[in-house]
Amino acid sequence: MKNSYFRAVIIKRKNMVIERTEREVIIRMPANVNYEGIQKMIDLMSLREANARSVATQEDIDLLAKEANRGWWAENRNRYIR
């Protein structure tokens with residue numbers, strides 16, 4: 001029978017604890033931690049999660065980047081070339 005309760009402490013430092021349960025990863029940090037740093041960490045984890053599910057090839061990504069750059073340049077060209 002599968003154990004319905006699983007909890008493991010992955011990292012335990014002076015001011016941080018990371019735990020993993022069956023359904024989630026819990027990160028505990030003091031409330032006075034730099035907000036921008038936490039936001040950057042969340043953004044990175046979100047990006048990595050989305051990337052892990054992606055079926056795009058490097059060629060697809062390169063084409064998308066070219067299109068985005070072309071569109072940006074078309075909209076902003078007059079700001080740089082007169």
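At a glance:
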read-out	value
Segment residue 32-residue 46, length gained on full extension (0.36 nm per residue, minus Cα span)	2.8 nm
Net dipole in debye of the chain [+1 Lys, Arg Cβ; -1 Asp, Glu Cβ; about Cα centre; nearest 20]	380
Charge context of residue 18, other residues only, Cβ under 14 angstrom, K/R +1, D/E -1	+4
Mean residue ellipticity (222 nm) of the chain, computed from DSSP H runs ≥ 4 via -39,500 (n - 2.57), nearest 500	-18000 deg cm²/dmol
Net charge, residue 9 excluded, C-beta distance under 15 Å - Lys, Arg +1, Asp, Glu -1	+3
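None of the figures in this text is laboratory data; all of them are computed from the coordinates on show. What you are looking at is a predicted structure, and each value in this text was computed from that prediction instead of being measured. Ideal geometry is used to build each Cβ from the backbone, glycine not excepted, and the neighbour counts take in all protein chains shown.
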